[in-house]
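Below: the structure, in structure tokens.
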């Protein structure tokens, strides 16, 4: 984790006020103040949110409790194998901590989450219920298989949908490759902002989903089926 000294030094390097760190991390101002003064022992999750904010701005924390500034703000993480969605969610959840955070999702076939990672569907729902981060989802026109609330979706024509689903949040642009069981996270603010702008343009072209459409996670029988699939998948993965 990071130390109070590293936090103060990172702020100074970025010329951030404590209010800037609050905005970037979602950690409250009193908490930031007390952590920097070493008056409290913060939770690991709180320190991770501070670290994510600094790393998103180009700060690198070194093993000798120092810091440096990354010259090229570009990093790629790749996760392969059966737990690729779990690893993706680990990163997403570390970034999405409250109602001021927002995740944009495009071209997702949500049925594939049920197929590849039923346990992660339930985990995602629990985290979203806890944090209430914002979602916006672009789906193919006519798709009524919805895991989120209908009001966060926009339908767009099939010809505008990309071949590879992607997510954008914080300084992340994420590709999900279902057949390869792979997720690729690109950490770069300019790239994330470029796809964010593209997403918002497509959002303006979309249309709202009719109010009569309900999300599948409001169906207790469907949720119970997910739990059974998750339990079966867990048993099969045991060595």
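Where a number appears in this text, it was derived from the coordinates with a stated rule and is not lab data. Keep in mind the model is a prediction, meaning the values are calculated, not measured. Don't worry about glycine lacking a Cβ; one is built from the backbone with ideal geometry, like all the others, and counts go over all protein chains shown.
What separates the Cα centres of the stretch 5-53 and the stretch 89-126 is a distance of 26 Å.
Between residue 141 and residue 212, the distance separating the two model label sites (each 7 Å from Cα on the Cα→Cβ line) works out to 1.9 nm. In terms of other Cβ atoms within 10 Å, 40, 191 run from fewest to most in the order 40, 191.
In the stretch 62-164, Rg over Rh equals 1.03, where Rg is the alpha-carbon radius of gyration and Rh the Kirkwood radius from pairwise Cα distances. Name the most mobile residue of 104, 29, 167, meaning the one with the largest mean-square fluctuation, in a Gaussian network model of the chain with Cα contacts below 10 Å. Evaluated over the chain, the most mobile residue of the options is 29. Mean separation of Cα pairs under 8 Å and 6 or more residues apart, divided by the residue count, gives the stretch 75-237 a relative contact order of 29 percent. With a Förster radius of 45 Å applied to the beta-carbon distance between residue 3 and residue 111, the computed FRET efficiency rounds to 0.50.
Taking the DSSP bridge list for the chain and keeping only pairs wholly inside it, about 75 percent are antiparallel.
Expressed as an acute angle from 0 to 90° and rounded to the nearest 10, what is the orientation of the C-alpha long axis of helix 44-56 relative to the principal long axis of the chain? Rounded to the nearest ten degrees, it is 90.
Computed from Cα positions, the angle between helix 84-95 and the longest principal axis of the chain comes to roughly 50 degrees. Kirkwood radius for the stretch 4-69, taken over all pairs of different Cα atoms as the inverse mean of 1/r, rounds to 11.6 Å. Result for the chain in a Gaussian network model with C-alpha springs under 10 Å: among 65, 194, 28, the largest mean-square fluctuation is at 65.
The share of C-alpha pairs in the stretch 146-196 whose separation exceeds 16 Å stands at 55 percent.
Label reach from residue 74 (point 7 Å along Cα→C-beta): in the stretch 162-191, amide nitrogens under 14 Å belong to 186-191.
Counting beta carbons within 10 Å around each of 31, 41, 25 and listing the fewest first gives the order 41, 31, 25. Expressed as an acute angle from 0 to 90° and rounded to the nearest 10, what is the orientation of the C-alpha long axis of helix 4-14 relative to the principal long axis of the chain? Long axis of 4-14 versus the principal axis of the chain: about 80 degrees. With the simple spin-label model, which puts each label point 7 Å out from Cα in the Cβ direction, the residue 18 to residue 222 separation comes to 4.6 nm.
Computed over the chain with a Gaussian network model linking Cα atoms closer than 10 Å, the most mobile of 201, 153, 166 is 201. Over the chain, the alpha carbon radius of gyration divided by the compact-protein estimate 2.2 N^0.38 Å works out to 1.10.
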